[in-house]
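Below is one structure; the comments refer to it alone.
The values are calculated or read from the model by the stated rules, or taken from the named source; none is laboratory data. What you see is a predicted model, and the numbers here were worked out from it, not measured in a lab. Neighbour counts run over all protein chains shown; Cβ positions are idealised from the backbone, glycine included. Each accessible area value is taken on the protein alone, full model and side chains, heavy atoms only, with ligands, DNA and RNA left out. Shrake-Rupley method; radii C 1.70, N 1.55, O 1.52, S 1.80 Å.
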Amino acid sequence: MRYQFKTGDTAYLFGNNVKLRTQPNTDSNLVGLLEIGQKVEILELTNETMEFEGINRPWYKVKSGEEVGYVLGGLLSLTKKYEGKYEYVMVFRKDADQLQLMVRLVNVKSPADYSEIILPLTTPEFYVNLSENKGLESVDGILQIDYMAEACGVDGGGEFLFAYENRLVHAISYSSIGDGGIYSLDEAYSFPIDHGEESDLIMYTYEEQTTEDDELLWEETKSIKRMLRWEGKKLNPRGIQEKE
């Protein structure tokens, strides 16, 4: 995910009732108010900055309709995703040295009615994937944060956030680690649309491989498969556990 916008980019408001200012500071006059999810055009990245939510943010000159003014970068979403009746907006924040992602679930029919979740991040580099409920009948949408592991030993797993009843819930964390052919660990989750099981069942698989002797091609492998049931707030074990 990018930290900054450039001239000509389209951005969306993460904050609600954000003050559009005449100058890039909080002491200047008010041009207007911007709603959460509202689109703006980036006209200029200024040299003015201000610390907000633990991160030093630049001010942007933006255009909204016929109005032009300045907005702090920390109030603009990194990206905006749509699915059904919801929009998803997100920004980085820091708590001490921990980088976090703040995600808001916005009801498109009532933008002021939003749910928020703060997610500690393994790495600031990730993809955002949005889908429908993948066969989970009690879920409206699924947002996946898929980490990019650019070095050996870095966790390239991710997170699943479930949206339902105007709420956003952190449902699943998973890991994927590789270390130069010596060690690997992969966790994966498949949903009813993938495996054809009952509508509330999620299949969890775990594979771990360690090379004991590279010359002799001695390897130790461990695998686990479990069926889990989504019960509105968390996953609970169900069914058969298989090990090899």
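How much FRET efficiency would the formula 1/(1 + (r/R0)^6) give for GLN98 and GLU66, where r is the Cβ-Cβ distance and R0 is 51 Å, rounded to 0.05?
Efficiency computed from Cβ-Cβ geometry: 0.80.
Check which residues have an amide H placed less than 5 Å from GLU125's amide H, if you skip close sequence neighbours.
MET148
Quick one: what are the phi-derived ³J(HN,Hα) couplings along the range 49-60, Karplus 6.51/-1.76/1.60 with θ = phi - 60°, whole Hz, x for glycine and proline?
My calculation for the range 49-60 gives 9, 7, 6, 8, 6, x, 10, 6, 10, x, 8, 10 Hz in order.
Carbon and sulfur: what percent of the range 1-87's accessible surface (1.4 Å probe)?
Percent of accessible area from carbon and sulfur atoms in the range 1-87: 42.
What are the ³J(HN,Hα) values, in whole Hz, obtained from phi via the Karplus relation 6.51 cos²θ - 1.76 cosθ + 1.60 with θ = phi - 60°, for each residue of the range 172-189 in sequence order, with x given for Gly and Pro?
Result, ordered by residue: 9, 10, 9, 10, 8, 10, x, 10, x, x, 8, 8, 8, 9, 9, 10, 8, 10 Hz.
For the range 150-208, what % of the accessible area comes from carbon and sulfur atoms, probe 1.4 Å?
Summing carbon and sulfur atoms, their accessible area is 47 percent of the total for the range 150-208.
Using modelled backbone amide H atoms (1.01 Å from N, in-plane), which distant-in-sequence or interchain residues come within less than 5 Å of GLN38's amide H?
Under 5 Å from the amide H of GLN38 lie the amide H atoms of LEU13, each far enough along the sequence or on another chain.
Between GLU132, GLU187, GLU165, find the one with the highest GNM mean-square fluctuation for the chain; connect C-alpha pairs within less than 10 Å.
Of GLU132, GLU187, GLU165, the most mobile in the Gaussian network model is GLU165.
Kindly report the accessible area of the chain per residue (heavy atoms of protein chains, probe 1.4 Å, no ligands, DNA or RNA), in Å². Intermediate results must be reported in sequence, preceding the final value.
Details: 13050 Å² over 244 residues.
Accessible surface, normalised per residue, equals 53 Å².
Extending each Cα 7 Å along its Cβ direction at ALA188 and GLU165, get the distance between those two points in nm, one decimal.
Rounded to a tenth, the inter-label distance reads 3.2 nm.
Each residue of the range 83-95 in turn: what ³J(HN,Hα) in whole Hz from Karplus with 6.51, -1.76, 1.60 and θ = phi - 60°, glycine and Pro shown as x?
6, x, 8, 10, 10, 10, 10, 7, 9, 7, 8, 10, 10
Leaving out ligands, DNA and RNA but keeping every protein chain, what accessible area does ASP179 have, in Å² rounded to the nearest 10, with a 1.4 Å probe?
70
Starting from the Cα of HIS195, step 7 Å along the direction of its Cβ; do the same at GLU207; then give the gap between the two resulting points in nm.
1.5
Could you please report the charge total around LYS63, scoring K, R as +1 and D, E as -1 over all other residues with beta-carbon less than 12 angstrom from its beta-carbon?
Charge balance near LYS63 sits at -3.
Can you list the lysines whose alpha carbon sits under 28 Å from that of LYS234, skipping same-chain ones fewer than 8 residues off?
Within the straight-line cut-off, LYS234 pairs with LYS80, LYS81, LYS85, LYS94, LYS109, LYS134, LYS222, LYS225, LYS243.
Expected output is a single nm value to one decimal: the length gained when fully extending between SER110 and SER175, i.e. 0.36 nm times separation in residues minus the C-alpha distance. What is it?
Length gained between SER110 and SER175: 19.8 nm.
Keeping all protein chains in position, work out how much accessible area SER184 exposes to a 1.4 Å probe, and write it in Å² to the nearest 10.
Surface open to solvent at SER184 totals about 40 Å².
Put a dot 7 Å past each Cα toward the Cβ at ILE224 and GLN23; how far apart are the dots in nm?
Label at GLN23, label at ILE224, 6.0 nm between them.
If you take Rg and Dmax of the Cα atoms in Å from the coordinates, which of [x] 27.7, 86; [y] 21.5, 73; [z] 16.2, 46 do you get?
Of the listed options [x] 27.7, 86; [y] 21.5, 73; [z] 16.2, 46, [y] comes from this structure.
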